[in-house]
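**Student:** My structure is below; once you've seen it, I'll send some questions.
The values are calculated or read from the model by the stated rules, or taken from the named source; none is laboratory data. Just so you know, these numbers come straight off a predicted model, no measurement behind them. Neighbour counts run over all protein chains shown; Cβ positions are idealised from the backbone, glycine included. Areas reflect the complete protein model, heavy atoms only, side chains present, ligands, DNA and RNA absent. Shrake-Rupley method; radii C 1.70, N 1.55, O 1.52, S 1.80 Å.
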Amino acid sequence: MKRHSALLLYLRGQLFSLSVVASSLLTGAAIWYLERVMSSAGVDWAVLGYFLLLSLCMTVAGLMLGYLRQRAYLKQLLRMTGQPAGWKPLLSPVTAEQKKTAELISVLGHQSQDRLEQHNRERELHRHFVFQWVHHMKTPVSVIDLIAQNAASKPGLVGQELQDASASLREETDKLARGLEQMMHTARLDEFAMDFHPRRVSLHEAARTAVNAHKRLIIAAGVYPRITGEGWVETDEKWLHFLLAQLVANAVKYSRPKPGSKQLAIAIVSQTGGGTSISVRDEGIGIPAQDIPRVFDPFFTGENGRKTEESTGMGLYLAREVASRMGVGLELESAAGEGTTATLSFHGKAIHKDLQVR
């Protein structure tokens, strides 16, 4: 059955050529016949029959030779279209058209495979992040529930006990809010191009907003923030706030385990060529040298992640993803026990030359 199907497919592909050959033969025979009649030379039907029979035999032989050359290609094509079980390269192309078709299918197949693998990686990454995020969000919910139970068992809380309970509740709700915001921005990454609205933004004001958003966390960690310099950049204000909030949150989080008062220095500097940079430098526990090359990898928490709470290993990964799509450079320098400096670099040229729309 497959053999007949391949032959039928081949013959259907040769119908136009066959019709041209038949028309040419019939036209030639008609001209020969008219010429013989008009010249009164007489019509030798045996010669005409021999000519047509010979032409027919040569045509059939040519078709059979062509079919034998293309049989393997046609059979594989029928198998692939009849049972699509994933991409496979087309083998044994013969004609120039078939070779180009096989080449095109090979390119498209590789592209489809790459996109499918990328989609599977992103889906697995998203699934892993959701599971980890839910796990970390269970902690503040459990703490809030415990505080509520303690308050219920001690009616009439006043004074310091009431203040401590309120402070603990605010700290846990802040964790929930930061986790929800991170999840929200993660979901928006897929629609980044539609969600990106650049305008002229003050870096000093953006830094001050990021610091104020973490005011209670900064006070609890014994960190003293200081913002110096000023600069204006063309970028998306909301995504810039996400970047700075992530860097400030990391700086405070990894400053908290270190005893005593610590500085959080945010410096805005104009660069040559019209660019501007903003750096967030803390005096926290720093990052071990062996962990620095991997800090932007998803889910990597490293040695510090085992020492601090609410470490998902996604903060810097998301920051790098957002920065790259905004056309903003993000670099990190750190020394264990001395602190970390994260720097965002904005180029002076037009934003559309740097923005990476995905």
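**Student:** Could you figure out which of (1) open to solvent by less than 80 Å² (accessible area, probe 1.4 Å); (2) modelled with pLDDT of 85 or more isn't true of Ser270?
**Tutor:** (1)
**Student:** A further question on this structure: What single numbered condition from (1) open to solvent by less than 60 Å² (accessible area, probe 1.4 Å); (2) farther than 30 Å from Glu97 by Cβ; (3) at pLDDT below 85; (4) in a helix (DSSP H, G or I) fails to hold for Ala41?
**Tutor:** Only one criterion is unmet by Ala41, namely (4).
**Student:** Of the residues Lys88, Lys75, Lys99, only one is touching a Pro at 6+ places or on another chain (Cβ under 8 Å) and either among the charged types (D, E, K, R) or under 30 Å from Arg188 (Cβ atoms) (or both); which?
**Tutor:** None of the other options fit; the residue is Lys99.
**Student:** Which number in (1) open to solvent by less than 30 Å² (accessible area, probe 1.4 Å); (2) modelled with pLDDT of 90 or more marks the one condition that Glu283 misses?
**Tutor:** Single failed check for Glu283: (1).
**Student:** Is one or more of the residues making up region 286-293 within 24 Å of Arg320 (Cβ to Cβ), in contact with a strand residue (DSSP E or B) (Cβ under 7 Å, 6 or more places away or on another chain), of a type in the set (A, V, I, L, M) and at pLDDT 90 or above?
**Tutor:** Our first condition is that a residue be within 24 Å of Arg320 (Cβ to Cβ); within region 286-293, this holds for 286-293.
Within this subset, residues satisfying the condition of being in contact with a strand residue (DSSP E or B) (Cβ under 7 Å, 6 or more places away or on another chain) are 286-287, 292.
Remaining after also requiring of a type in the set (A, V, I, L, M): 287, 292.
After this cut, where a residue has to be at pLDDT 90 or above as well, the list is none.
Within region 286-293 (the criterion being within 24 Å of Arg320 (Cβ to Cβ), in contact with a strand residue (DSSP E or B) (Cβ under 7 Å, 6 or more places away or on another chain), of a type in the set (A, V, I, L, M) and at pLDDT 90 or above), the answer is no, since none of the residues qualifies.
**Student:** Right, next: Based on this model, can you work out whether Ala213 counts as free of Cβ contacts under 8 Å to residues at least 40 places away in the same chain, buried (at least 19 other Cβ atoms within 10 Å of the Cβ) and among the small types (Gly, Ala, Ser)? Write out each step before concluding.
**Tutor:** Working: free of Cβ contacts under 8 Å to residues at least 40 places away in the same chain: yes; buried (at least 19 other Cβ atoms within 10 Å of the Cβ): yes; among the small types (Gly, Ala, Ser): yes.
So Ala213 fits the description; yes.
**Student:** Name the helices (runs of 4 or more DSSP H) wholly within region 127-214 that hold at least 1 residues that are at pLDDT below 75? If you could, list the steps in order and put the result at the bottom.
**Tutor:** On the way: elements: 159-188, 192-195, 203-213.
Passing ranges, in order: 159-188, 192-195.
**Student:** Right, next: I'd like the residue in region 108-131 that is within 16 Å of Ala187 (Cα to Cα) and of a type in the set (D, E, K, R) and, out of all such residues, is farthest from the chain's Cα centre (by Cα). Show your work before the answer.
**Tutor:** Taking region 108-131 as the starting set, the residues that turn out to be within 16 Å of Ala187 (Cα to Cα) are 119, 121-131.
Now narrow it down to the ones that are of a type in the set (D, E, K, R): 121-124, 127.
Numbers: Arg121: 9, Glu122: 7, Arg123: 10, Glu124: 12, Arg127: 15 Å.
The qualifying residue farthest from the chain's Cα centre (by Cα) is Arg127.
**Student:** Tell me, please, whether a residue that is touching a residue at least 40 places away in the same chain (Cβ under 8 Å) and crowded, with 19+ Cβ neighbours inside 10 Å can be found in region 172-181.
**Tutor:** Scanning region 172-181, I find at least one residue that is touching a residue at least 40 places away in the same chain (Cβ under 8 Å) and crowded, with 19+ Cβ neighbours inside 10 Å, so the answer is yes.
**Student:** Considering Ala46, Ala22, which residue is open to solvent by 70 Å² or more (accessible area, probe 1.4 Å), assigned to a helix (DSSP H, G or I) and either of a type in the set (Gly, Ala, Ser) or closer than 30 Å to Thr101 by Cβ (or both)?
**Tutor:** Going through Ala46, Ala22 in turn, just one is open to solvent by 70 Å² or more (accessible area, probe 1.4 Å), assigned to a helix (DSSP H, G or I) and either of a type in the set (Gly, Ala, Ser) or closer than 30 Å to Thr101 by Cβ (or both): Ala46.
**Student:** Please give the number of the condition Ala221 fails out of (1) at pLDDT 75 or above; (2) of a type outside the set (Ser, Thr, Tyr); (3) under 30 Å from Ser324 (Cα atoms).
**Tutor:** (3)
**Student:** Hey, another quick one. Which residue is surrounded by the fewest Cβ atoms within 10 Å (Cβ to Cβ), if the candidates are limited to region 90-121 and must be free of Cβ contacts under 8 Å to residues at least 24 places away in the same chain and among the β-branched types (Val, Ile, Thr)?
**Tutor:** Filtering region 90-121 for residues that are free of Cβ contacts under 8 Å to residues at least 24 places away in the same chain and among the β-branched types (Val, Ile, Thr), the one surrounded by the fewest Cβ atoms within 10 Å (Cβ to Cβ) comes out as Val107.
**Student:** Right, another one. Looking at region 219-258, which of its residues are of a type outside the set (Lys, Arg), part of a helix (DSSP H, G or I) and open to solvent by 30 Å² or more (accessible area, probe 1.4 Å)? Break it down into steps so the answer makes sense when it comes.
**Tutor:** Filtering region 219-258 for residues of a type outside the set (Lys, Arg) gives 219-225, 227-237, 239-252, 254-255, 257.
Keeping just the survivors that are part of a helix (DSSP H, G or I) gives 219-221, 237, 239-252.
Selection gives Ile219, Ala220, Glu237, His241.
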